[in-house]
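Notes follow once the structure below has been shown.
The values are calculated or read from the model by the stated rules, or taken from the named source; none is laboratory data. Because the structure is predicted, anything quoted here is derived from the model rather than measured. Here the Cβ is made from the backbone with ideal geometry for all residues, glycine too, and neighbour counts use every protein chain on show.
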């Protein structure tokens, strides 16, 4: 019987992008944003691209996927904001995650929060996420140029016990006590309304989105949800070189 072979990322961990903002490990309170909107789409991409994007401690998903996420808030503790991020799907051990390739925000207050709390290397940009009668659309513009434009159409509401979405937590490269680590985004979701639809990437400027080899191929799934979003303190850090199953995952000490 053949022994199962695990796939690992091929990126040199020392070349991992690291957020310049110092991670705030003293933050222990939960921040709750009522009626936040989350627009989440998945697309396939070539396995060779995923392997090239992921460091050696992470496993690529099968099939290889990239995720595009928009978070919209009308108000709340961080004020009104739109956040967008693009990640390559991966696993730490058996747990699904996304290694973030780029992130954008249209509010300096929210940008500072997501950078210091979770290590998102956010760029200030025009970010919009909106639902209309026939679609949900999210787009990002930098200096007047569209770099990301994603929609879902043919939307169907989900009701009952199945009206939830499973979000794979993002991972961001950070500096903790002088050592590079992957920090896991922590959140909880109270779902109020959920739509599923057919996703389409109208514009996807790979180079501007952090990885010039990253091109979406087949559309997989798209969703839009209204939730009470609970933003929780970071708890886990991952070694970019040592897999979680070999001891590379640890709780963050405060």
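Using the structure shown, decide if residue 161 is out of contact with any helix residue (DSSP H, G or I) (no Cβ under 7 Å at 6 or more places or on another chain) and surrounded by fewer than 16 Cβ atoms within 10 Å (Cβ to Cβ). Considered against the rule, which asks whether it is out of contact with any helix residue (DSSP H, G or I) (no Cβ under 7 Å at 6 or more places or on another chain) and surrounded by fewer than 16 Cβ atoms within 10 Å (Cβ to Cβ), residue 161 comes out as yes. Looking across the range 204-215, the residues that are within 20 Å of residue 123 (Cβ to Cβ) and surrounded by 14 or more Cβ atoms within 10 Å (Cβ to Cβ) come down to 204, 205, 206, 208, 209, 210, 211, 214.
Restricting 99, 25 to those that are within 26 Å of residue 237 (Cβ to Cβ) and either touching a strand residue (DSSP E or B) at 6+ places or on another chain (Cβ under 6 Å) or assigned to a helix (DSSP H, G or I) (or both) reduces the list to 99. Taken over the range 196-254, the residue count meeting the criterion of being more than 17 Å from the chain's Cα centre (by Cα), without any contact (Cβ under 8 Å) to a residue 40 or more places away in the chain and under 30 Å from residue 143 (Cβ atoms) is 2. Among the residues of the range 2-21, is any touching a helix residue (DSSP H, G or I) at 6+ places or on another chain (Cβ under 9 Å), touching a residue at least 12 places away in the same chain (Cβ under 8 Å), part of a strand (DSSP E or B) and closer than 24 Å to residue 147 by Cβ? Yes, the range 2-21 contains at least one residue that is touching a helix residue (DSSP H, G or I) at 6+ places or on another chain (Cβ under 9 Å), touching a residue at least 12 places away in the same chain (Cβ under 8 Å), part of a strand (DSSP E or B) and closer than 24 Å to residue 147 by Cβ.
Restricting the first residue to the range 79-104 and requiring it to be at positive phi and at pLDDT below 95, which pairs with a second residue that is assigned to a strand (DSSP E or B) and buried (at least 23 other Cβ atoms within 10 Å of the Cβ) meet a Cβ separation below 7 Å and a spacing of at least six or different chains? Nothing qualifies.
Against the criterion of being over 22 Å from residue 76 (Cβ atoms), surrounded by 19 or more Cβ atoms within 10 Å (Cβ to Cβ) and out of contact with any strand residue (DSSP E or B) (no Cβ under 6 Å at 6 or more places or on another chain), residue 243 qualifies. On inspection, residue 151 does not qualify as closer than 27 Å to residue 46 by Cα, in contact (Cβ under 8 Å) with a residue 24 or more places away in the chain and touching a helix residue (DSSP H, G or I) at 6+ places or on another chain (Cβ under 9 Å).
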